[in-house]
Every structure is written in structure tokens, then in C-alpha cells.
Amino acid sequence: MRRATTFALAAGAALLTRRALRRRIAASPLWPMPALEEPVSGRGARRSTITLKLTVTERTEPAEGVVRLRLEALDGSELPSWEPGAHLDLVLPSGLVRQYSLCGDPADRASYTVATRLIEDGRGGSREVHEQLQEAVELSVRGPRNRFPLVAGTSYVFVAGGIGITPILPMLTAVEASGADWRLLYGGRSRATMPFLDEIEKLGGRVTVVPEDECGLPDLASFLTNSPSGAAVYCCGPDPLMDAVTAALGPGRTPHLERFAPGAAPAGAAFEVELRRSGRTLAVPADKSLLAAVREELPGVSYSCEQGFCGTCQQRVLEGEIDHRDELLTDAERDNSMLICVSRCLGKKLVLDL
């Protein structure tokens, strides 16, 4: 495997000097960094039900196939605060809801910045963003909320693949300002397809950039082995990358992961669902989602992401044991509700308040 290219640029070439970074973060109400508990994707994540009306005020292309959007309030008002790792739910013109990481400056309360890569064979959300979200377009946004929080620590290791750099960017700014030890491995198919590469390179010698067409696949085992043993490890990117990071760390070390989509859920058994208010009982086969079964009887039931991320399909459960497979609900919400797009029944029957 070819050696990864490591950039060690002079401090004067950085986007912000360390002194400037510290001044910038110190002025933010988010600093000092709160001592957060270890995040578990979805469970316990801070969830916001705020819906904002925003407009696209700037659209740029930081890499091939990637669009970056700057969003501001229609009335120019201050936006809710957020912390590194947070994301927004964008309600697209078609009604689809898609989640995108905030990749701007948490101290900037006047705007939010998100970026997305066009997925040619995806489910249509990224294409709609690329084709329809032009400057001056208005849209509804939910959030911000955070299921990928940055824990307090003295050392960090970041691994990002392609568009997976987006939630990592604000984290780098925060840990650099805190004086913590950190290093980053940033990989992608080619330099041209890697968004924010110029900004990343200017952060200095703790950055390892691995364009696959130049260097092959990154040597994750070597990179992680040479990292501090107690460092918090953060990874965002395609599933194979995150699986490889988890395997390379070995037993006893668990990385913080931000997935583009939930991992494959194990197959479930068939069960029945009673729709109490409608007076109907339905069979849910093992190969059909509860949402699909319910919508055959009640086509007006709301849904969007079908991946357990957005919460649109959340329903109250009156009876039955729930097999939660979502990436969103809190422990309290899981006591009596479920996301019917992905979650199922652990027993023979569920009763929904529908």
C-alpha cells in the first residue's frame, strides 16, 4: 500500500491561527466544551422539535458532485445554537425529509451551513437538493439536534471518508481551540471529489490526506495503532470505512460513529398489529415493514425517511413489546411510542393508537 500523503504546512498558512481560534471559541456560549456522556446513536440524543423557515442565501460547490448551502432565517433573526456533530432535518420541496450535518461555525448564529453529495442511485433526496435548492429558495428545517456529540477529552482521533468530513469540521475547530491533542485521517476517491480539502490541509501536520487514486486505501491499522491509546475516536463515512475502523480498534475500544444510513437490521418475525381507534387488526409479514402494512389500510399515515431518522412516522403504542430499531427516540419516548418505518414487535402483537 502506498504511503499516505501527509501535509505539514506553516502556521501562517492556516485558516485561523491557534490564538485566533481560541479567541473565536472563547467568545462562543458553547465554550468551555460541556462534559458530555458517551454518545449512543439515537438513544438519549438531544432532539429538537423546532421548525424553522429558512432561505438559501448562498450555494457553492466545494468539490465535484458536492453542493454547500448557506441557510438564513427569512426575517434575519438569530438561529438556535448548536454544537459540533449536530445536524438539521431539511424538509425538501417534495416533502421528503433528509438529514445533513452542520459544517459551519457554531459561533455564527446568523446562518447554518450544510453540504451534500449527489448520490446517483440514491432515493432522490440528494438529487432534489442539487437540482432544486438554488439561492432564494425557501424551505422548512427542523433542529438542530445532535446524535454525534463531541465528548470532552484531552486527545482525539478523527477518520473521515468523503462527505463524511462535514460533521468533523466543527469538531476540529473546537479541539484545536481547546489545546487538545488530535489527528485526522481524511480519505476519498480523489482530491477533486474531497470537499473542504483546502481548509483541511491548512490545519497542519496532524492531518493525513489519502486520495485513493494516488495512495490506495488508507492504512487504518497503522494510523490507529500510532494514535494515543486513550484518545476518543470519531469516524464518519461509508459503512465499510466505519466497519474497518471498528475492527482495527479491536476489543475494548468503541469509536463514535455517524452513519449516513442505519445499519442493516436483523430480520424480524411476522406479527399482528391492532389499530385500536380504527378497529382493524392487520398481519405484518416478516418481509414487510409495519409502516407499509399500516399504510395499506390507512394511506394518510405520515412518513418520510423510512430509515428511523426523522421521526415523522412516530406512533403511540398502547400494548405490546417493541423491537426498537430507530436512530432517534429517547429512552423516555421508547416506553410508549415507536417509529413504525423500521421498528417491529418482539412478541406476537402490537396495539397502536391509530
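The values are calculated or read from the model by the stated rules, or taken from the named source; none is laboratory data. Keep in mind that what you see is a predicted model, and the values were worked out from it rather than measured. So basically every Cβ, Gly included, is an ideal-geometry build from the backbone, and we count neighbours across all protein chains shown.
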Exercise. Out of the residues in segment 86-119 that are among the small types (Gly, Ala, Ser) and buried (at least 21 other Cβ atoms within 10 Å of the Cβ), state the one that is farthest from Val301 (Cα to Cα).
Key: Ala115
Quiz prompt | Single residue of segment 182-193 satisfying the filter (part of a strand (DSSP E or B) and either of a type in the set (Gly, Ala, Ser) or modelled with pLDDT under 95 (or both)) that is farthest from Phe223 (Cα to Cα) | solution = Gly188
Exercise. Identify the single condition in (1) of a type outside the set (A, V, I, L, M, F, W, C); (2) closer than 24 Å to Ala63 by Cα; (3) in contact with a strand residue (DSSP E or B) (Cβ under 8 Å, 6 or more places away or on another chain); (4) surrounded by fewer than 22 Cβ atoms within 10 Å (Cβ to Cβ) that Gln132 does not satisfy, given that it satisfies every other one.
Key: (3)
Exercise. State all residues of segment 303-342 that are modelled with pLDDT of 95 or more, small (Gly, Ala, Ser) and either surrounded by fewer than 17 Cβ atoms within 10 Å (Cβ to Cβ) or not in a strand (DSSP E or B) (or both); if no residue qualifies, say none.
Key: Gly320
